[in-house]
Amino acid sequence: MGLHRRHVLKGLAAASALAAVPAISEDKWKTLAADVRAQMKWAWQGYGERCFGQDQIKPVSGGAQAFFFPKGPPMGLTIVEALDTLYVMGLDTEVAQGVRWVADNLRFDIDGEVQVFETGIRLVGGLLSAWCATREKKLLALAKDLADRLSPAFTKSPTGMPYRFVNLKTGAVRDSQSFPAEIGTYIAEWGTLGRAVGDKRYFDMAKRSVKALFDRRSRIDLVADTIDVETGAWVSRRASVGPPSDSYFEYLWDGWQLFGDPDFKRWYDVHAAAIAKYQAQMSDGNLWFPQVDFETGTVIDHHQSELAAFYAGLLGQGGDMARGKAYLASWAGVQARYGVLPEGYDTAKAAPDRITNELRPEFADSCLNLFLLDPDDRYRELARVHFEKMKETSRAAYGFTIIDDVTASPMKQGDLCPGYWWSEQMKYYWLLFSNTDRFDYKTNYLSTEGNILVGIK
Ligand code: IFL
């Protein structure tokens, strides 16, 4: 065992100690859950009054912001993202209102191009989870229609790794330089769709893309963060667990968890071992994952994107609870220091290197994933702080907004509620605090966008 590895393992034992919390009664968690539900209901009303059907609300000004097509039509992104969250919260009137809008308005025969990855995780996934919740056939039909319109991105590619953009009407594709997350984050949605409609081709299309990427890993089993999907040649040397690679790793585990496909498990294990060997580093008692050269393992930079915080939960799911807890504890330290996590953190300087917060869910995501494996109130407590701080700093006239500067006092608000807020952290808080009987806490699956594809009751 090398010196570096010994140092990391020794440090892990110390770092994995998440602060103990005083016992909180189940009633208090329920009260907190009721508050989460009330905030969701209030934000939904704000969206309904100001811009129902638009992609995203600007909660400070009360305006709207398109996500897909700047000149329209809107795709009701917020509604699609929110539906299964509203359902598990028992907000059934809101669910019915949202489903009605989708059934009456959402159509994909549009002569415009969309980003395949974002459209897959948000709209295909959102429609599928809404279908799982309500069993409304129209939702499944829309998910299938949309996935079919995205499929030229895969079928026109010589390697099977999808182009980044596709025109929904013509099937024209563009942008051959892509990233692991945009190549490997389909198996959950495409596999679930294939199961629902009885067509394995969806699963195969998503798996082929992942295999093509995995097969191009370096001799030390890492992938870089940019590749040409036409030639299969790497155009970067930078390996990262953060964006734009992040959910590629997540969906390797998920392909195994959801479909029991042993290839996915092997692929996950190969990368997880290489990441632990070459990227895991202790710094001031904290575990971080710096970017490294994908062929040599040499550290490139010490930037840590907040989005990488999801990796704590994934480590736990993959069987490495020690590293999962330690990595969550590292982020918990940043949360304790700044209140709201900055978008980026320089772990060498122990200071933010990006001072915004785009209302991110990843920390709460890991709290939930670790809690599901190990129902310990420490995870709930970290998520409670995340929620309370969000209420304190992000609440605006018509909903919750991004922060432009988390280091300012008071924090400076921006003016946008991203679609994922409705699908992710509000659901994670609710599931953590409520112990709802609309969710199966033992057998479940949440996608990278927080869409519940297994476990809705
Ligand atoms: O779309 C969200 C999703 O969690 C993801 N990446 C980033 C978003 C949230 O920060 O996979």
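The values are calculated or read from the model by the stated rules, or taken from the named source; none is laboratory data. Keep in mind the model is a prediction, meaning the values are calculated, not measured. Every residue, glycine among them, receives a Cβ derived from its backbone with ideal geometry; neighbour counts consider all protein chains shown.
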Could you figure out which of (1) crowded, with 23+ Cβ neighbours inside 10 Å; (2) in a helix (DSSP H, G or I); (3) not basic (Lys, Arg) isn't true of Leu341? (2)
Within the group Phe67, Phe52, which residue is of a type outside the set (Lys, Arg) and under 22 Å from the mean Cα position of the chain (by Cα)? Phe67
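Conditions tested, residue by residue: (1) modelled with pLDDT of 95 or more; (2) surrounded by 21 or more Cβ atoms within 10 Å (Cβ to Cβ); (3) charged (D, E, K, R).
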position	(1), (2), (3)
Asp145	yes, no, yes
Ser151	yes, no, no
Thr155	yes, no, no
Gly160	yes, no, no
Asp175	yes, no, yes
Ala188	yes, yes, no
Gly191	yes, yes, no
Ala206	yes, yes, no
Out of the range 406-447, which residues are within 13 Å of the ligand (Cβ to nearest atom) and in contact with a Phe, Trp or Tyr (Cβ under 7 Å, 6 or more places away or on another chain)? Cys417, Gly419, Trp421
Restricting attention to the range 318-359, report how many residues are within 13 Å of the ligand (Cβ to nearest atom) and of a type in the set (Gly, Ala, Ser). 1
Considering only the range 88-97, I want to know if a residue exists there that is surrounded by fewer than 16 Cβ atoms within 10 Å (Cβ to Cβ), outside any helix (DSSP H, G or I) and not hydrophobic (A, V, I, L, M, F, W, C). yes
Output the qualifying pairs, or none if there are none: Cβ atoms under 6 angstrom, residues six or more apart or on different chains, first residue in the range 408-429 and within 24 Å of Arg378 (Cα to Cα), second residue within 13 Å of the ligand (Cβ to nearest atom) and of a type in the set (A, V, I, L, M). Trp421/Leu359; Gln425/Ala364; Tyr428/Ala364; Tyr428/Leu368
Complete set of residues in the range 43-57 that are surrounded by fewer than 21 Cβ atoms within 10 Å (Cβ to Cβ) and outside any loop (DSSP other than H, G, I, E, B): Gln45, Gly46, Gly48, Glu49, Arg50, Cys51
All conditions in (1) surrounded by fewer than 22 Cβ atoms within 10 Å (Cβ to Cβ); (2) within 23 Å of Ala329 (Cβ to Cβ); (3) not basic (Lys, Arg) are true of Tyr429 except (1)
Expected single match for farther than 24 Å from Ala34 by Cα, more than 14 Å from the ligand (Cβ to nearest atom) and in contact (Cβ under 8 Å) with a residue 40 or more places away in the chain among Asp104, Asp111, Asp84 is Asp111
